[in-house]
Every structure is written in C-alpha cells, then in structure tokens.
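Okay, structure first, notes after.
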Amino acid sequence: MRTGPTNLAELAVLLGAWMLAWMASAAAQGLPFAAGGEGGEPIEVEAVDSLEWHSELKIYVARGNAVMRQGDTEVRAALLTAHYRELEDGATEIYRLIAEGAVEIEGPQQFVTGDRAEYDVDGGIFVITGSDLALVTETEIVTARDSLEYYETDEIAVARGEAKVVRDTDQIEADVLVAEFTEGPDGATQLSIVNAIGNVLITTETDIASGDEAVYNVVDELATLSGTVRLTSQDSQLNGDYAEVDLATGISRLVALPDAEGRVRALLVPAE
C-alpha cells in the first residue's frame, strides 16, 4: 500500500527528527563541565548565600540561587555540589556535579528544567529528574514524568515515563523514548535508531498512528510499528499487528504477523 490513508512515512520521519533535534547538540558537543573543560575554558561559580570549600572531602558547594558557568553553558539551582580531584600538576578537575532545587540548564541549543540533575563526568552520564521535566530546543519540546537521560559513552538518549516530544501541531508519546547515536562516515555523531516503547501514539495535524512499539532505523530508512497497530486519517482507519514503512521507496505496509491471531482490517468511509 503506497502511503495509504495515513502518511506513515511522514510520521516516521518526524519520530526520528524530533529525537535528533533533542540530543544531536549534546552528542556533537559533548556534555558540559567535562574534565579539563571545553577548550580549556574556566568554570565560574557564584551564589547568593554562600560558597563553600570542603578541602578534606574535596567538594565545592554553592548555596542560594547558585550558578555554574562554562563557556556558553550555564547551570542554575538552589544548591550546587561539585566533587573534584587533584591532578599531578596541582590543578583540579570536577568529576561529579549535582544540582538540586529549581534546576535550569541552558546551552546554545537547548534549555532543560527539573528538580535534580546529576552529571557523572567520568562515566559521561547525565540524568535529570523531578517534576516539570522539560527540554526545549528552537523547534521541539521534550517532556517526561520520570527522567531525561544522556549516556555519552554509549551514545544513547532516554526519556522515561509518559515521554512526549511536541513540534508545532505534531507530537509523539510513549512510555519510553530511546535515541541511539553512532559515528557517521565523516566521523561526526549521527542518529541511527529511535525506539518508542509502550503506548506509542504519533499525532500530526491530519493523521494518528498508535501501537505498542515503534522503531525508526535511520540507516536503513525503515520504520516499523508493532503490537495492536492502528492508523487513522480523517474518516479512514487501518488496524493490524505490524506496520512497516520503507522511506527510500515511500511504500507503507500494514500486515498481520504469521504467528498472531487476527487479520488486517480497514474501515474506509466514502466522502459525502
């Protein structure tokens, strides 16, 4: 079936584009406040109440509207705690950063909010949790109930718990959204696979696609939805167990799996 009553190909492209816009900047630039700094840029810290240095514990603490700044990246929170180590040349480097209370992280391409953020510099793991979780770019808004995560070493971004990405009138929702990145032919980081897991709902201004899971393989240009798939466009609806879209050819298929009970069904309402 070529594109069918629901433009599933367009929905699949949106799925990948949203996640790419979400984490591409982090994947390309690396996480802020890495050991050694970004190009050797210094880290600035300020706070309203106090700045503390616990030399025995090797911890810096900033209290009260605290701000940590490096280059064009800034972290703001009620409390900032930075764990550091001493180097052989006498310099110090931060290996763990914790931000608590009304957390805001602002970079050149994104703005993140939450209650608590933790950055493991050595492991390249960034996790932000709490209420009102959101990541905002110029064109997308990503929200989640449980956490927004980025694993630099594994090159994986995860949004957990009622995860949603909104772009204009289009959006994708799932229990969990996972974006996987790989190194491209030119050596740059690129999006390879996007997984939407659990209660998947993809909505555009005219079309709706739902299923238990969705996978978008960027390299193979193949998108699939599986498990109680429903494709709806205006007054027409297709139901099945599995849908796949070849983005290279523009051909979409809704099929019943061989080992599944049931049939592919379509409800086409003629125009008045």
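The values are calculated or read from the model by the stated rules, or taken from the named source; none is laboratory data. Nothing here was measured: the structure is a model prediction, and the numbers come from that model. Note that we place each Cβ from the backbone using ideal geometry, even for glycine, and neighbour counts take in every protein chain shown.
Give the residues of region 53-71 that are of a type outside the set (Gly, Ala, Ser) and over 26 Å from the mean Cα position of the chain (by Cα), sorted by residue number.
The answer is Trp53, His54, Glu56, Leu57, Lys58, Ile59, Tyr60, Val61, Arg63, Asn65.
For region 137-171, what are the residues that are β-branched (Val, Ile, Thr), more than 10 Å from the chain's Cα centre (by Cα) and either crowded, with 18+ Cβ neighbours inside 10 Å or over 20 Å from Gly107 (Cα atoms) (or both)?
Thr137, Thr153, Thr169 - these are the residues of region 137-171 that are β-branched (Val, Ile, Thr), more than 10 Å from the chain's Cα centre (by Cα) and either crowded, with 18+ Cβ neighbours inside 10 Å or over 20 Å from Gly107 (Cα atoms) (or both).
Would you point out which residue out of Glu155, Glu149 is closer than 16 Å to Thr113 by Cβ and not β-branched (Val, Ile, Thr)?
After ruling out the rest, the residue left standing is Glu149.
Being crowded, with 18+ Cβ neighbours inside 10 Å and closer than 24 Å to Val158 by Cβ is true for just one of Thr232, Thr228, Thr203. Which residue is that?
Answer to the selection: Thr203.
Within region 56-80, can you find the residues that are farther than 12 Å from Glu46 by Cα, at pLDDT 90 or above and in a strand (DSSP E or B)?
Of everything in region 56-80, just one residue is farther than 12 Å from Glu46 by Cα, at pLDDT 90 or above and in a strand (DSSP E or B), namely Ile59.
If Ser210 meets every condition in (1) modelled with pLDDT under 85; (2) out of contact with any Phe, Trp or Tyr (no Cβ under 8 Å at 6 or more places or on another chain); (3) surrounded by 18 or more Cβ atoms within 10 Å (Cβ to Cβ) apart from one, which number is that one?
Among (1) modelled with pLDDT under 85; (2) out of contact with any Phe, Trp or Tyr (no Cβ under 8 Å at 6 or more places or on another chain); (3) surrounded by 18 or more Cβ atoms within 10 Å (Cβ to Cβ), Ser210 violates only (1).
Output yes when any residue across region 23-45 is of a type in the set (Phe, Trp, Tyr), buried (at least 20 other Cβ atoms within 10 Å of the Cβ) and modelled with pLDDT under 90, and no when none is.
The answer is yes; a qualifying residue exists.
Working carefully through the options Ala174, Ala134, find the one that is assigned by TED's automatic domain parsing to the domain that holds Leu191, surrounded by fewer than 16 Cβ atoms within 10 Å (Cβ to Cβ), out of contact with any Leu (no Cβ under 6 Å at 6 or more places or on another chain) and not acidic (Asp, Glu).
Ala134
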